[in-house]
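Asker: Below: one structure in structure tokens.
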Amino acid sequence: MKDGFDLLVKGGLVVGSQGIDGLDIAIKDGTIVKLARDLDPNQAEEVIDASGRYVLPGLLDVHVHPVYEDSIRDCSILGAFGGITTVIHYAYARPGMELANTVREFIDEGEGTSHTDFAIHGAMFDPENQIKDIPKCFEMGVTSFKMFMTYAKLGWMTDDYHLAKAMDVISQQGGLAMVHAEDGLSIDYLEDKFRSEPQKEVFLKVRPGILEADATFRAISIARVMNCPLYIVHVSARQALGPIRDAREQGQRVYTETCPQYLCLTDRDLQEKGPLAKIGPPLRTTEDNDALWAALKTGLIDVIASDHAPKAKKIDDDFFEAPFGSPSSETMLAVTYQRGINEGRLDLCTLVRAMSESPARIFGLYPRKGALKEGSDADLLVFDASARHRISQGTQHSKAGYTLYEGMDCLGKPIMVMQRGKIIVDGDALKSSKGQGNFLETKISDTPGHLSKLDG
């Protein structure tokens, strides 16, 4: 059909960051070529009936760790079942490893095994010896770099000298600095102080929100001096929102991310699930949850991403010795839709902004990704808002062996997921194959905060 369409997604309610409209989506050669009402199905080789369903842009999960129980291949599969069509993985360069070589290895692994499109962040555990590799990473299309302001005992913490140096180099290259913002040395002291007490009971006391706020302020201050765009990962504490708000009001380029676990779970879940729910920053309080939902509504929080870190843990493990992290990518949409949309905390357009448009804008992938527009990649999911399902480990595709949302009843789920015009998930069936994902070079946005105020 030379002048027609390869595929027509017909009758759905197309969701964007600015509104919802009943439109048909015409696709040719993997790209959206037309959005309009009542397109002729005879012009298409194949028609998908999306009547009565939402059609969302494919989600971007920009915070994924494919270095534990799930590989890049595994993360792409489980993400696809959750409506994620683009993943940005952290390439972990641990002490003694070369950052550029690590990034190259991650790109090669992704090109050979990923089912979905992907990009890469550099993650520096040893900035003193790895900063020199940052320009080489830019040559490979990697422009964002994460540092830890905590985990001093593990030897992962970046001190202020090297934080400033890294931000200076990143700024000169036109990139983005990313930080895990918690005061590492103070936390290590508190951990020692309360070592003799039951660890899960004092977990919040050891990692209080004010120490996240302090590290956030410090990272913002250093980034401002170095004129470096800053991305604060997994914001969990309501106290951290103040420094972010102040920086935004002064026009500083500070982007923000929170995660489903910080919106939907609290320390009560930690008390119940023990080591399985040991994550950093910690699960906090309902007051923190509420503050983060409100920050999403105003645009103070830009992005929802998973921080998928599937560790091999059991509920009866020693809490102190158990590693930080949990699986969370596949459930990201289901739980935030349930807690946010169904329970009235958020509107669907804002959810799409936080999971699709804003991450695509920040990392220079918009409008190819993150939107349903003419010229965009045909990455989309058909979402049935009436589909009831219960989350359990048995329904998940992670190799971690547990989910923090075990037994949670949800209303609404993706029933079909498409990348570049090809169906990759149809119901419970995987239709994609490894190696069909493309590596995406990132380019950091020059847009200041409050991405929610931009029109599409």
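The values are calculated or read from the model by the stated rules, or taken from the named source; none is laboratory data. Here the structure is a predicted model, which is why all the values come from computation and not from measurement. With ideal geometry, Cβ positions are generated from the backbone for all residues, glycine too; neighbour counts draw on all protein chains shown.
Asker: Going through the stretch 38-60 one residue at a time, which ones are among the small types (Gly, Ala, Ser) and on the phi < 0 side of the Ramachandran plot?
Answerer: Here is the first cut: in the stretch 38-60, the residues among the small types (Gly, Ala, Ser) are 44, 50-52, 58.
Residues satisfying the conditions are Ala44, Ala50, Ser51, Gly58.
Asker: Do we have any residue at all in the stretch 140-159 that's part of a helix (DSSP H, G or I) and either modelled with pLDDT of 95 or more or acidic (Asp, Glu) (or both)? Break it down stepwise before answering.
Answerer: Kept after step one, since they are part of a helix (DSSP H, G or I), are these residues of the stretch 140-159: none.
The answer is no, given that none of the residues of the stretch 140-159 is part of a helix (DSSP H, G or I) and either modelled with pLDDT of 95 or more or acidic (Asp, Glu) (or both).
Asker: Restricting to the stretch 1-57, give me the number of residues that are assigned to a loop (DSSP other than H, G, I, E, B), within 30 Å of Thr350 (Cβ to Cβ) and of a type in the set (D, E, K, R).
Answerer: 3
Asker: Something else now. Among the residues of the stretch 173-187, which ones are surrounded by fewer than 23 Cβ atoms within 10 Å (Cβ to Cβ) and out of contact with any helix residue (DSSP H, G or I) (no Cβ under 9 Å at 6 or more places or on another chain)?
Answerer: Leu185
Asker: Additional query: Pairs under 7 Å by beta carbon, first residue at positive phi and among the small types (Gly, Ala, Ser) in the stretch 11-37, partner surrounded by fewer than 15 Cβ atoms within 10 Å (Cβ to Cβ) and in a strand (DSSP E or B), six or more apart or different chains?
Answerer: Listed pairs, sorted by first residue: Gly11/Asp49.
Asker: To continue, here is another question. Filter the stretch 258-270 down to residues that are in contact with a helix residue (DSSP H, G or I) (Cβ under 6 Å, 6 or more places away or on another chain), more than 28 Å from Arg361 (Cα to Cα) and in a helix (DSSP H, G or I), then give me how many there are.
Answerer: 3
Asker: Applying the selection to the stretch 67-85, what residues are of a type outside the set (D, E, K, R), closer than 29 Å to Thr158 by Cα and in contact (Cβ under 8 Å) with a residue 40 or more places away in the chain? Give the steps one after another, and end with the answer.
Answerer: In the first step, residues of the stretch 67-85 are kept if they are of a type outside the set (D, E, K, R); the result is 67-68, 71-72, 75-85.
If we keep only those that are closer than 29 Å to Thr158 by Cα too, we end up with 67-68, 71-72, 75.
Those that are of a type outside the set (D, E, K, R), closer than 29 Å to Thr158 by Cα and in contact (Cβ under 8 Å) with a residue 40 or more places away in the chain: Tyr68, Ser71, Ile72, Cys75.
Asker: Residues that are free of Cβ contacts under 8 Å to residues at least 60 places away in the same chain and either within 17 Å of Arg345 (Cβ to Cβ) or buried (at least 21 other Cβ atoms within 10 Å of the Cβ) (or both): does the stretch 306-321 have at least one?
Answerer: no
Asker: Within the stretch 88-106, can one find any residue that is assigned to a helix (DSSP H, G or I), surrounded by fewer than 16 Cβ atoms within 10 Å (Cβ to Cβ) and touching a residue at least 40 places away in the same chain (Cβ under 8 Å)?
Answerer: So in the stretch 88-106, the residues assigned to a helix (DSSP H, G or I) come out as 99-106.
Narrowing the set further to residues that are surrounded by fewer than 16 Cβ atoms within 10 Å (Cβ to Cβ) leaves 101, 105.
Imposing the further condition that a residue be touching a residue at least 40 places away in the same chain (Cβ under 8 Å) reduces the set to none.
Within the stretch 88-106 (the criterion being assigned to a helix (DSSP H, G or I), surrounded by fewer than 16 Cβ atoms within 10 Å (Cβ to Cβ) and touching a residue at least 40 places away in the same chain (Cβ under 8 Å)), the answer is no, since none of the residues qualifies.
Asker: Checking Cys349 against (1) surrounded by fewer than 22 Cβ atoms within 10 Å (Cβ to Cβ); (2) closer than 30 Å to Lys313 by Cα; (3) touching a residue at least 24 places away in the same chain (Cβ under 8 Å), which test does it fail?
Answerer: Cys349 satisfies all of (1) surrounded by fewer than 22 Cβ atoms within 10 Å (Cβ to Cβ); (2) closer than 30 Å to Lys313 by Cα; (3) touching a residue at least 24 places away in the same chain (Cβ under 8 Å) except (2).
Asker: Spot the failing condition for Gly412; the list is (1) in contact with a helix residue (DSSP H, G or I) (Cβ under 6 Å, 6 or more places away or on another chain); (2) closer than 27 Å to Pro310 by Cβ; (3) not in a strand (DSSP E or B), and only one is missed.
Answerer: (3)
Asker: Restricting attention to the stretch 258-269, report how many residues are touching a residue at least 60 places away in the same chain (Cβ under 8 Å) and within 19 Å of the chain's Cα centre (by Cα). If you could, list the steps in order and put the result at the bottom.
Answerer: First pass over the stretch 258-269, keeping only residues touching a residue at least 60 places away in the same chain (Cβ under 8 Å): 259-261, 263-265, 267, 269.
From what's left, within 19 Å of the chain's Cα centre (by Cα): 259-261, 263-265.
Looking only at that region, the number is 6.
Asker: Does Gly437 satisfy being in contact with a Phe, Trp or Tyr (Cβ under 8 Å, 6 or more places away or on another chain), at pLDDT 95 or above, outside any strand (DSSP E or B) and closer than 27 Å to Pro310 by Cβ? Even if it seems obvious, please write down each step before you answer.
Answerer: Details: in contact with a Phe, Trp or Tyr (Cβ under 8 Å, 6 or more places away or on another chain): yes; at pLDDT 95 or above: yes; outside any strand (DSSP E or B): yes; closer than 27 Å to Pro310 by Cβ: yes.
Here the answer is yes, as Gly437 does meet what is asked.
Asker: Could you check the stretch 67-86 and list, in sequence order, the residues that are among the hydroxyl-bearing types (Ser, Thr, Tyr) and crowded, with 24+ Cβ neighbours inside 10 Å?
Answerer: Just the residues of the stretch 67-86 that are among the hydroxyl-bearing types (Ser, Thr, Tyr), to begin with: 68, 71, 76, 85-86.
Listed by number, the residues that qualify are Ser76, Thr85, Thr86.
Asker: Restricting attention to the stretch 160-179, which residues are of a type in the set (Gly, Ala, Ser) and either touching a residue at least 60 places away in the same chain (Cβ under 8 Å) or part of a helix (DSSP H, G or I) (or both)? Spell out the reasoning first.
Answerer: So the first thing to find is which residues in the stretch 160-179 are of a type in the set (Gly, Ala, Ser), and the list is 164, 166, 171, 174-175, 177.
Within the stretch 160-179, Ala164, Ala166, Ser171, Gly174, Gly175 qualify.
Asker: Determine if the stretch 267-278 includes at least one residue that is charged (D, E, K, R) and buried (at least 23 other Cβ atoms within 10 Å of the Cβ).
Answerer: Filtering the stretch 267-278 down to residues charged (D, E, K, R) leaves 267-269, 272-273, 278.
Now narrow it down to the ones that are buried (at least 23 other Cβ atoms within 10 Å of the Cβ): 278.
Yes; the residues of the stretch 267-278 include at least one that is charged (D, E, K, R) and buried (at least 23 other Cβ atoms within 10 Å of the Cβ).
Asker: Within the stretch 369-387, take every residue that is aliphatic (A, V, I, L, M) and part of a strand (DSSP E or B) and give me the one that is farthest from the chain's Cα centre (by Cα). It would help to see each step written out before you state the result.
Answerer: Of the residues in the stretch 369-387, the ones aliphatic (A, V, I, L, M) are 371-372, 378, 380-382, 385, 387.
With the extra rule that they be part of a strand (DSSP E or B), the set shrinks to 380-382, 385, 387.
Numbers: Leu380: 17, Leu381: 17, Val382: 20, Ala385: 22, Ala387: 24 Å.
Among them, the one singled out is Ala387.
Asker: So, in the stretch 231-246, how many residues would count as being within 22 Å of Ala360 (Cα to Cα), in contact with a helix residue (DSSP H, G or I) (Cβ under 9 Å, 6 or more places away or on another chain) and aliphatic (A, V, I, L, M)?
Answerer: 3
Asker: To continue, here is another question. Going residue by residue through the stretch 233-247, is there one that turns out to be buried (at least 18 other Cβ atoms within 10 Å of the Cβ), out of contact with any Gly (no Cβ under 9 Å at 6 or more places or on another chain), at pLDDT 95 or above and over 23 Å from Ala123 (Cα atoms)?
Answerer: Within the stretch 233-247 (the criterion being buried (at least 18 other Cβ atoms within 10 Å of the Cβ), out of contact with any Gly (no Cβ under 9 Å at 6 or more places or on another chain), at pLDDT 95 or above and over 23 Å from Ala123 (Cα atoms)), the answer is yes, since at least one residue qualifies.
Asker: How many of the residues making up the stretch 305-324 are within 22 Å of Gln271 (Cα to Cα), within 14 Å of the chain's Cα centre (by Cα) and not charged (D, E, K, R)?
Answerer: Just the residues of the stretch 305-324 that are within 22 Å of Gln271 (Cα to Cα), to begin with: 306-324.
When the remaining residues are screened for being within 14 Å of the chain's Cα centre (by Cα), the result is 306-309.
After this cut, where a residue has to be not charged (D, E, K, R) as well, the list is 306, 308-309.
Total satisfying the criteria: 3.
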